[in-house]
Amino acid sequence: MTAGRIHPLSYTINLKDIKDTPMKTVETVYIIGGLYGNWAALSHILKYKLIEEVEMKSNVTLLFNGDFNWLNVTNETFELINQTVIQHIALKGNIESELAAPTPNVGCGCAYPDSVEDEIVDRSNSMIQRLQQISSHFPLITNQLLQLPSFINLKIGSIKVTALHGDPESIAGWGLGIDAMPPIGQTNSKISEWFNYTGTKVFACSHTCIPFMQNFNQNLVVNNGAAGMPNFSDNLAGTITRISIHKTSLPILYGTKLSGCYIDALPIEWDYHWNDWFIKHWPDGSTGNISYANRFNFGTHFKLKQAIRLDQCLSMRT
């Protein structure tokens, strides 16, 4: 099997661990998946945190649920991203896993499905090699990445939230991606098993880079897509998930309310400084430019309204 499509056994998550691991109680959390080394998006997130903490007079917890590295291929940006993230709660994604302890013949560790073109997989494998060269200059950071957990359970209000990168069985699982979702208002046996066995009310994930929020009989799958890249055709912002007992005054893209908790998708902006930096370090013809320049400039083919997969049992907030 091609590197980049392989699913390493070391990525496996035990459902019993999700069920039994104690919860950390927080009032407000930003779940930040797929930052992808975008230091300008990180700066915006930190500003949001400060605004809310002043307004609410309570702490905002930052939780980076994997793949906070990717495009940060200079010593300065690699160090900046990782030193900032590790001050908060961080989980490992496949990228961090392959920086900390590269698995032979696994490439980027994305475990891409067959639907993803070989050219995309090949470019991702090339990009992880470039990032591994940078990370080799920072053994202390890579050791810290090695120690990161693969999931965390939070208690927010009365609900259990499990944050992870891929799905409840693997760091690089695609089982919480939009392509794995049943039609709105329906469920399937695998998703029902994950909710029922673990006691989780909200699975908050990223990995597949397409954001959405879907209700399963008063249980939610919330995928934030990418914090550090555009997610939609009609909006060029990155996206994070905010879950809180407090309502926010910040702009939201969409959201709902579950058992007294506000669950919202927040837009994350950046300016031309990031675009200039990206072009400088990923110029025309480079793997990163081929894969992502159009996305930064024009967004994706996915429309904002497609991310809202709720039903009459759980209404939408905008």
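The values are calculated or read from the model by the stated rules, or taken from the named source; none is laboratory data. No experiment lies behind these values; they were computed from the predicted model shown. Cβ placement follows ideal geometry from the backbone for every residue including glycine, while neighbour counts extend to all protein chains displayed. The protein model used for the area step is the full one, side chains on, heavy atoms only, and it has no ligands, DNA or RNA in it. Shrake-Rupley method; radii C 1.70, N 1.55, O 1.52, S 1.80 Å.
Worth pointing out:
- Paramagnetic reach from GLU119 (point 7 Å along Cα→Cβ, amide N under 16 Å) across region 270-310: 284-295
- Extension gain from LEU140 to ASP234, taking 0.36 nm per residue of separation minus the Cα-Cα distance: 29.8 nm
- Per-residue extension of 0.36 nm, minus the Cα-Cα distance of GLN218 and ASP284, leaves a gain of 19.1 nm for this segment.
- Straight-distance crosslink candidates among aspartates and glutamates, where the alpha carbon sits under 13 Å from LYS303 and sequence neighbours closer than 8 are dropped: ASP234
- Packing around the peptides 236-244, 125-133, taken as the average count of other Cβ atoms within 10 Å per residue, puts them in this order, highest first: 236-244, 125-133.
- Annotation for GLN186 and GLU76: the two label points, set 7 Å from Cα along the Cα-Cβ direction, are 5.3 nm apart.
- MET181 - accessible surface, heavy atoms, 1.4 Å probe, Å² rounded to 10: 20
- Averaged over its residues, region 170-318 has an accessible area of 40 Å² per residue, based on protein heavy atoms and a 1.4 Å probe.
- Spatially proximal aspartates and glutamates relative to LYS57 (Cα-Cα < 20 Å; intrachain offsets below 8 disregarded): GLU27, ASP264
- Across the alpha-carbon set of the chain, the Rg to Rh ratio works out to 0.93, Rh being the Kirkwood radius.
- Euclidean distance between Cα centres, region 256-272 to region 133-212, Å: 17
- Stretching LYS247 away from LYS305 to a fully extended chain increases their span by 18.7 nm, per 0.36 nm per residue minus the current alpha-carbon distance.
- When the solvent-accessible area of region 224-318 is split by element, carbon and sulfur atoms take up 52 percent of it, the probe being 1.4 Å.
- Highest-first packing order for the peptide set 50-57, 61-68 is 61-68, 50-57, based on the mean count of other beta carbon atoms within 10 Å.
- Using the Cβ-Cβ distance between ALA101 and ARG295 with R0 set to 30 Å, the FRET efficiency from 1/(1 + (r/R0)^6) comes to roughly 0.55.
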